Amino acid sequence: MIRSLRGMNDTLELEDSARFSYFIQTATQIAKNYGFRFIETPQLEETALFKRSVGESSDIVGKEMYQFIDKGENDVCLRPEGTAGVVRAFVQNKYDRQETTQRLFYHGTMFRYERPQKGRLRQFHQFGCESFGESNVLEDASLILMVRDIFNALGINFTLKLNSLGDQNCMPQYRDKLVSFLDQHKAEICEDCQRRKETNPVRVLDCKNDKCQTIYANAPKLMQNLCEGCDNDFKTLTSLLDEHEMAYEIDTHLVRGLDYYSKTAFEFVSTEIGAQSAIAGGGRYDRLVEFLDGRPTPAIGFAIGIERLMELIKMPEVNREGYYFGAMDENAIAKVFKLGMKKRKSNKVTIGYKARNLKAHLKAADKANASYCAILGENELNNGTIWVKNLINKTESEIAQDEF
RNA sequence: GUGGGAUUAGCUCAGUUGGUUAGAGCACUGGUUUGUGGUGCCGGGGGUCGCGGGUUCGAAUCCCGUAUCCCACCCCA
């Protein structure tokens, strides 16, 4: 038997696909309410795009990309995340030459070559929003509140973690401070942190090792080393969130794994889904557009991991809908099919193709979740009527076939 | 890439110190003697017990190998 590839699943369980489309529908509506419009970008892109945007130092680029050479000798890559492609499209379509703010949302398949576990797949889906051209911190607040709206609409519990990563004025200075701090504790920190110190020092703060964490409790905090602009923006952001009753937790160790983030960084986490608890992550990336050859354009975005939400989404109750048609006599099947087809012009209809007794039909109607069970038996065939039972209030009636 | 756990019916799982035709619940399906469901009762189909070796008179059960899945680390949505 041929099986699907590791970490690549089918979504065919009825419940799962219903949840999936319910999520897309809900998130799409809310994104539109916030002024975003849909963009679809290719799943395959030039490898260089991700190297330059996500960053060579990230694990995603370092070891998780589905990278290959195509038949035209192009170095290409299945997209590991959505932002890079959207930014590329933004620049390629010259939206960076316009003054107007562009707000775009997307959803689709992403690929990362990782060992699968709960909440992590090799092929997975993200829903994301990217806003270009707006440096006002109101936009940061707006996006965070939008994620909240989406999760609230779906009945999902979460906590929000918030941090500021600074900008090109304060981050490099802070990084130097941190590196010299790490140098002082060189002998005590773990191997991973030794490596991080060289590749992306800020990420040591995120280390899970208890001993490291004890040491980093005394490390210089970026929050206390922000330049005036970043500091003001962060304060404005938190007061905006307060004003809109959005609870948050300042987490100075929240370091997003992708190189392109600056200033506002946030993560929505759930305590109900195992180790992979981040259900949405985002932040500002004011330099990325110029890294990808566009005119300097401030930008901010987020992505939601759809699979991680699947077991958290509270679905609205499904109500009975439409008709079930059945025949109790071989001779009635053709007529039942005809009546059912007519009804399909305006209703959801399930038609039973086999002559069966009434009980069996009622069972089938119930299973089809129909509101009405419409039956043609010997009696009805003779009378030119159809027997209809309302499965919700259990009333029955005989209706002339012509009027049905 | 590194650990740990699992693999028996479509699904969730039992299976006693190795011993006859491998079980249950759910699901599916048929009936329930005059045409009434979701909630009664009776019946039915469906398993080379992940795969390959080995030990044994005999293996779902013991040993070795292998594959896959899951969970966790790393990292991330």
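The values are calculated or read from the model by the stated rules, or taken from the named source; none is laboratory data. From a predicted model like this one, the values you see are computed outputs, not experimental measurements. Ideal geometry is used to build each Cβ from the backbone, glycine not excepted, and the neighbour counts take in all protein chains shown.
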**Fill in**
Matching residues in the stretch A:369-404 (near RNA strand B (Cβ under 6 Å from one of its atoms) and either aliphatic (A, V, I, L, M) or under 44 Å from the mean Cα position of the chain (by Cα) (or both)) number 4
**Prompt:** For A:Met341, which of the numbered conditions (1) within 14 Å of RNA strand B (Cβ to nearest atom); (2) not assigned by TED's automatic domain parsing to the domain that holds A:Arg256 fails to hold?
**Reply:** (1)
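Residue-wise test of (1) surrounded by fewer than 23 Cβ atoms within 10 Å (Cβ to Cβ); (2) touching a helix residue (DSSP H, G or I) at 6+ places or on another chain (Cβ under 8 Å); (3) modelled with pLDDT of 95 or more.
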| residue | (1), (2), (3) |
| --- | --- |
| A:Leu254 | yes, yes, no |
| A:Thr264 | no, yes, no |
| A:Glu272 | yes, no, no |
| A:Ala275 | yes, no, no |
| A:Leu288 | no, yes, no |
| A:Ile300 | no, yes, yes |
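Tell me, which residue of the stretch A:302-324 that is at pLDDT 90 or above and more than 10 Å from RNA strand B (Cβ to nearest atom) is surrounded by the fewest Cβ atoms within 10 Å (Cβ to Cβ)?
Residue satisfying both the conditions and the ranking: A:Gly322.
One line per residue, one yes/no per condition, for (1) assigned by TED's automatic domain parsing to the domain that holds A:Phe291; (2) basic (Lys, Arg); (3) over 21 Å from A:His107 (Cβ atoms):
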{"residue": "A:Lys32", "(1), (2), (3)": "yes, yes, no"}
{"residue": "A:Phe38", "(1), (2), (3)": "yes, no, no"}
{"residue": "A:Thr41", "(1), (2), (3)": "yes, no, no"}
{"residue": "A:Phe50", "(1), (2), (3)": "yes, no, no"}
{"residue": "A:Val54", "(1), (2), (3)": "yes, no, no"}
{"residue": "A:Ser57", "(1), (2), (3)": "yes, no, yes"}
{"residue": "A:Ile60", "(1), (2), (3)": "yes, no, no"}
{"residue": "A:Glu64", "(1), (2), (3)": "yes, no, no"}
{"residue": "A:Gln67", "(1), (2), (3)": "yes, no, yes"}
**Prompt:** What residue, among those in the stretch A:198-217 that are surrounded by fewer than 12 Cβ atoms within 10 Å (Cβ to Cβ) and assigned to a helix (DSSP H, G or I), is modelled with the highest pLDDT?
**Reply:** A:Thr214
**Message:** Go through the stretch A:290-315 and report how many residues are under 23 Å from the mean Cα position of the chain (by Cα) and without any contact (Cβ under 8 Å) to a residue 60 or more places away in the chain.
**Reply:** 1
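How about the stretch A:224-332: which helices (runs of 4 or more DSSP H) wholly inside it have at least 1 residues that are closer than 30 Å to A:Gln123 by Cα?
Numbers: elements: A:228-243, A:288-291, A:306-309.
Counting at least 1 such residues, we get A:288-291, A:306-309.
Is one or more of the residues making up the stretch A:79-98 assigned to a loop (DSSP other than H, G, I, E, B), among the basic types (Lys, Arg) and in contact with a helix residue (DSSP H, G or I) (Cβ under 7 Å, 6 or more places away or on another chain)?
Yes, there is a match, as at least one residue in the stretch A:79-98 is assigned to a loop (DSSP other than H, G, I, E, B), among the basic types (Lys, Arg) and in contact with a helix residue (DSSP H, G or I) (Cβ under 7 Å, 6 or more places away or on another chain).
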**Request:** Return only the number of the condition from (1) away from RNA strand B (no atom under 16 Å from the Cβ); (2) touching a residue at least 12 places away in the same chain (Cβ under 8 Å) that A:Phe68 does not satisfy.
**Result:** (2)
**Message:** Out of the residues in the stretch A:349-362 meeting the condition of being loosely packed, with under 13 Cβ neighbours inside 10 Å and over 13 Å from A:Asp329 (Cβ atoms), tell me which one is farthest from the chain's Cα centre (by Cα).
**Reply:** A:Lys359
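Looking at A:Asp329, A:Asp366, which one is closer than 30 Å to A:Trp387 by Cα, within 13 Å of RNA strand B (Cβ to nearest atom) and either surrounded by fewer than 15 Cβ atoms within 10 Å (Cβ to Cβ) or assigned by TED's automatic domain parsing to the domain that holds A:His125 (or both)?
Exactly one of A:Asp329, A:Asp366 is closer than 30 Å to A:Trp387 by Cα, within 13 Å of RNA strand B (Cβ to nearest atom) and either surrounded by fewer than 15 Cβ atoms within 10 Å (Cβ to Cβ) or assigned by TED's automatic domain parsing to the domain that holds A:His125 (or both), namely A:Asp366.
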**Subset tally (residues that are surrounded by fewer than 18 Cβ atoms within 10 Å (Cβ to Cβ) and either part of a helix (DSSP H, G or I) or in the same structural domain as A:Arg256 (by TED's automatic domain parsing) (or both)) for the stretch A:187-196** = 4
**Request:** Could you name every one of the helices (runs of 4 or more DSSP H) located completely within the stretch A:1-63 that has at least 1 residues being of a type in the set (A, V, I, L, M) and out of contact with any strand residue (DSSP E or B) (no Cβ under 8 Å at 6 or more places or on another chain)?
**Result:** A:14-33, A:59-63
**Message:** Tally up the residues in the stretch A:235-289 that are away from RNA strand B (no atom under 16 Å from the Cβ) and either without any contact (Cβ under 8 Å) to a residue 60 or more places away in the chain or over 17 Å from A:Arg203 (Cα atoms) (or both), please.
**Reply:** 16
**Message:** Out of everything in the stretch A:119-135 that is in a loop (DSSP other than H, G, I, E, B) and within 17 Å of A:Tyr66 (Cα to Cα), what residue ends up being farthest from RNA strand B (Cβ to nearest atom)?
**Reply:** A:Arg122
